[in-house]
Amino acid sequence: MDHLEKLESKSVFIIREAYANIKNLCMLWSIGKDSTVLLWLARKAFFGHVPFPLIHIDTNFKIPEMIEYRDRLARDWKLNMIYGQNEEALKNKETYPDGNIDRISCCNKLKTETLINTLNGNWKRFKLNHITGQYEIDRSSDSYNGVILGIRADEEGSRSKERYFSARNLESNWEIENQPPEFWNQYKTEFAEGTHVRIHPLLDWTELNIWEYIKKENVPTVSLYYNNVNGKRYRSLGCYTCTFPIASNAKNVDEIICELKTGQLKNTAERSGRAQDIEDGGGLETLRRSGYM
Amino acid sequence: MLNEQMNIVIAGHVDHGKSTIIGRLLSDTHSLPDGKIETIKKYCEVNSKPFEYAFILDALKEERSQGITIDSTRVFFNSSKRSYIIIDAPGHSEFLKNMISGASRAEAALLVIDAKEGVQENSKRHGYMLSMLGIKQIAVVINKMDLIGYNRDSFNSIKNEYSEFLKSININSLNYVPVSAREGENIISRNGSLRWYDGPTILEILDCFIKERVEDNLPFRMHVQDIYKFTNDEDDRRIIAGLVESGKIAVGEEIIFYPSGKKSNIKSIEGFNSQSKSEASAGNSTGFTLTDQVFITRGELACKTGEPAPKIGNRIKVNLFWLGINAFVKGREYLFKIGTLKVKAKLEEIHKIINSSDLSVINFKDEIIRNQAAECIISLNKAAAFDVINELKQTGRFVIVDEYEIAGGGIITECLDDGLSGIRENVALRNIKWKKSTITVDERINKYNQIPKMILITGAKGSGRTEVARGLEKILFDEGKLVYYLGIGSIKYGIDADIKNETGKREEHLRRFGETANIILDSGMILIAAAQNINNLELEVIKTEIYPFEAKVIYTGDEILTDVQIDLKVAGINNIEQSIVSAKKYLFNIE
């Protein structure tokens, strides 16, 4: 087994453990490369099927290619696709792009709050109808108590401390000091009523591993990751107002891998194009403690 | 550079310099993102603190302020040979569970000892834990050599003391490395302060650790993780999924599932977006289909015919370490997890308690408290399949869950007799010889929309058990369930006619009852049985007979008069109506 097979095998095991142990399970799909690899791993785990819904938190400021790509894959792969949105904040223009609040507060409103209220079913959810090809209001408002996420330990400090199975209380708080032990493929799979759990199958993957795997498996990715015309590409995807492309000539997966291994990106952080991290003092800790993923 | 990744843990007592060593390693090998050091230096300046290499790791704000590592942190780093994940384990006793979580992911370890302070409590405790976790490759790093003037004799005396200790727990460490992380001496290069030392640097040691081979020459073992059938998407494959823990299997080979003893052949090995495979080996998360649709459940251990069989039993002798806030005590119910199997368990007996920080033995204790290790006997309420650690380590490890948290872990050293091995062999033979129908248990479950199970209603004479049983049968029947009531006394004059007057036939009587129950369950029915004051051993006989169908025990009456492990207690004769309702509600909840 090479290192990618090992990573794949462990991630598949974790996804299957989540499915076997958690009743209302879903997977968060940000459309980015990591969570798309995660989705691919779910299809590996269940032999082509994805037996739980994919949730996308749509801030309404996502780059349009991302939404097109999401809906194309959702149709082709017959995904149970759901998205959530902070309709209230968008209507009242309480956003950073509208110039009314700062970046961190905007992330909190459009992402964190939306995520919490989409998962617990308090807010409307929009579900893809595969017959009409349109999204319609999801009739179910069941709370999801398990979310599979594509975070990686090498992304930034607080993520390097995560467990594969991480329980959060009702307020989504993360008690970093008091995480349960995990060893020998045994995870926290017993929960008190009202707990929700985040599952992190990609913790041990690096950015390079992700690209190597995309190449190996030929996983479809959004075109924004590649330099298509102007010598710029996105290294990490988010809202167009706060995520900026980097200068790069990498036109395909091979060139990205080469760039990560030897080229200009060897020594710069992946999220360097994310403005909200810088506002948070260089880390995501403030955001993540309150439920940001 | 090899396309290879290795996980290394850095363990040792608090403040002996683990984080500093890693910080140095990252910095000296230029593995940090541009500007990282400058950011930290600036932070130190603003907060009037001297810069330390350990800060590189202390990504979390409160760790920076307390100056200790709380949780294992993963750091990614490359040498010219391969890539590494370095796991920084906390050295504080309070965070032993975090140290274990980190260390269990590692293939090799660096154990750090402060040259000035010498061997401390957690130097030994961490060594012991590494050995329990099964990590064999350990290099000992004597750090802060600058504080003792790079003195060779002091180095040797620590080396001698610690190697004695490691020997006592069966670890041979060949490498003892003197370093000064603060001065960067002997981390990736020799700066000349250690002329008397001609061994490897830390970086060289890392590159010398040997990648553990995938052990596919061992017997095949795979805990069944799930059985998938995604019929909604017009896929009629029934796939047994799991992670191969050791050995390998190929299409056409015969598989036996333990403890049920059910057998079938591998029809295909399934995959997604991969070339068709004819084999799966240790380390693979795989899935296969079978030629016969045998009924098995998550948690069973898949093994291969012709290879050494696992042990099956419900009393085991173990070595364990305890991490729970509450002590491990007798009389309380815990969950025992081995692979994907989960069963209820109790602490039966403590043989000895070992203080893991100095290996001294504490006698005459009736509980195991946090950070202690112990040799003890655990009894499970249902038989499990496993291996003893000396034969196969992958399937000889377990964890104990207290309430909702993993509170302990351990290795199985012996399978103890539980008096059921005869019955178990008989059941395994019966399952092998069983003439199979073309209709599978799964098909019956789908058709009847119910999972066959036994509801055993027991209690004292006159406690209302037959009334509750019959009432429950009626109420389920009226709701359209396929259900059957069988009083254990009913078989006395029929099936048991030949032994009804003989004494000492209680076990045979229960065996026959269990065989009868198994036929009824196999037909897809819900069986409601009533029996007077069943004890736990008797229940075990019945459970062994009907495995993998489940038996749920409902006790009627106020006071429980036997040692039987029950799932629900109802009032019985004093309130039959309400007893029936709560029994039904319970069944509805477990469906």
- Item | In Å, descending, principal axis extents of the Cα set of segment B:315-418 | 32, 29, 23
- Which order do the peptides A:88-96, B:489-497 take when ranked by the mean count of other beta-carbon atoms within 10 Å per residue, highest first? A:88-96, B:489-497
- Query: Rg and Dmax of segment B:400-522, Cα atoms, in Å?
  - Reply: 18.9, 51
- Query: Using alpha carbon coordinates only, what is the Rg to Rh ratio of segment B:472-521, with Rh defined as the Kirkwood radius?
  - Reply: 1.10
- Query: Which of B:Thr20, B:Ile519, B:Val399 sits closest to the plus end of the dipole of chain B, meaning its Cα is farthest towards the positive end, when Lys and Arg get +1 and Asp and Glu get -1 on the C-beta?
  - Reply: B:Ile519
- Task: Would you be so kind as to identify which of B:Leu539, A:Leu149, A:Thr189 lies farthest towards the positive end of the dipole of the protein assembly as shown, taking Lys and Arg as +1 and Asp and Glu as -1 on Cβ and the Cα centre as origin?
- Result: B:Leu539
- Item | Extension gain, B:Ile325 back to B:Ser168 (0.36 nm per residue minus Cα-Cα distance, nm) | 53.7 nm
- Task: Report, in order of residue number, the helices in chain A meeting two criteria: a C-alpha extent of 30 Å or more along the helix axis, and a mean Kyte-Doolittle hydropathy of at least 1.0; treat each whole DSSP H run as one helix.
- Result: none
- In terms of modelled amide H atoms, which long-range or inter-chain residues lie less than 5 Å from the amide H of B:Lys352? B:Glu375
- Viscosity 0.692 mPa s, temperature 37 °C: Stokes-Einstein D of segment B:5-208 from its Kirkwood Cα radius, in µm² per second? 194 µm²/s
- Query: Where nothing but the Cβ of Lys and Arg (+1) and of Asp and Glu (-1) is charged, how large is the charge dipole of the protein assembly as shown around its Cα centre, in debye to the nearest 20?
  - Reply: 1100 debye
- First check a/c for segment A:1-147, with a ≥ b ≥ c the square roots of the eigenvalues of its C-alpha gyration tensor; if it is under 1.5, answer rounded, and if not, answer prolate when a/b is larger than b/c or oblate otherwise. prolate
- Task: Let me know the volume per residue of the alpha-carbon convex hull for chain A, in Å³.
- Result: 137 Å³
- Query: Kirkwood hydrodynamic radius of chain B from all distinct Cα pairs, in Å?
  - Reply: 27.4 Å
- Interface A/B, total buried accessible area with a 1.4 Å probe, nearest 100 Å²? 5500 Å²
- Message: For a quick check: with amide H placed at 1.01 Å from N, whose amide H comes under 5 Å from A:Ile22's, ignoring anything fewer than 5 positions away on the same chain?
- Response: none
- Take the Cα atoms of segment B:126-278, find their three principal axes, and give me the spread along each one in whole Å, biggest first. 73, 35, 25
- Query: What do you reckon, how do B:Thr29, B:Thr458 stack up by accessible area (1.4 Å probe), largest on top?
  - Reply: B:Thr29, B:Thr458
- Note on the structure: Once B:Glu508, B:Glu38, B:Glu538, B:Glu467 are ranked on solvent-accessible area with the largest value leading and a 1.4 Å probe, the list reads B:Glu38, B:Glu467, B:Glu508, B:Glu538
- Query: Once you average over the residues of A:200-208, how many Cβ atoms of partner chains fall within 10 Å of each Cβ?
  - Reply: 2
- Message: Once you keep just the Cα pairs under 8 angstrom separated by 6 or more residues, what percentage relative contact order results for segment B:440-590?
- Response: 36 percent
- Which of A:Thr189, A:Thr118, A:Thr132 fluctuates most in a GNM of chain A (C-alpha springs under 10 Å)? That residue is A:Thr132
- Note on the structure: Nearest-0.05 FRET efficiency for B:Asn160 and B:Arg213 at R0 = 30 Å, using Cβ-Cβ distance, is 0.40
- Query: Once the whole set of protein chains is in place, how much accessible area is left on B:Ser582, using a 1.4 Å probe, in Å² to the nearest 10?
  - Reply: 40 Å²
- Message: Quick check: the angle from helix B:536-546's long axis to the longest principal axis of chain B, C-alpha only, nearest 10 degrees?
- Response: 80 degrees
- Query: What is the magnitude of the charge dipole of chain B about its Cα centre, with +1 placed on the Cβ of each Lys and Arg, -1 on the Cβ of each Asp and Glu, and no other charges, expressed in debye to the nearest 20?
  - Reply: 600 debye
- 5 angstrom amide H check on B:Gly408, placed H, neighbours 5+ away: B:Leu323, B:Ile400
- Mean separation of Cα pairs under 8 Å and 6+ residues apart, divided by the residue count of chain B: what relative contact order is that in percent? 9 percent
- State, as an integer percentage, the relative contact order of segment A:1-102 based on alpha-carbon contacts under 8 Å between residues 6 or more apart. 22 percent
- Convert each backbone phi in segment A:97-106 into a coupling constant with the Karplus relation 6.51 cos²θ - 1.76 cosθ + 1.60 (shift: θ = phi - 60°), then list the ³J(HN,Hα) values in order as whole Hz, x for Gly and Pro. x, 7, x, 9, 9, 7, 4, 4, 5, 5
- With the Cα gyration tensor of segment B:424-493 in hand, give its eigenvalues times 5 under a square root as the equivalent ellipsoid semi-axes, listed largest first in whole angstrom. 27, 21, 9
- Item | Range of Cα positions in the protein assembly as shown per principal axis (Å), largest first | 90, 75, 53
- Query: Looking at the square roots a ≥ b ≥ c of the eigenvalues of the Cα gyration tensor of segment B:440-590, which shape do they give, rounded for a/c under 1.5, prolate if a/b is larger than b/c, or oblate?
  - Reply: oblate
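The values are calculated or read from the model by the stated rules, or taken from the named source; none is laboratory data. Bear in mind that the values here come from a model prediction, so they are computed numbers and not experimental data. Using ideal geometry, Cβ is built from the backbone for each residue, glycine included, and neighbour counts are taken over all protein chains shown. What goes into the accessible areas is simple: the full protein's heavy atoms, side chains included, and nothing from ligands, DNA or RNA. Shrake-Rupley method; radii C 1.70, N 1.55, O 1.52, S 1.80 Å.
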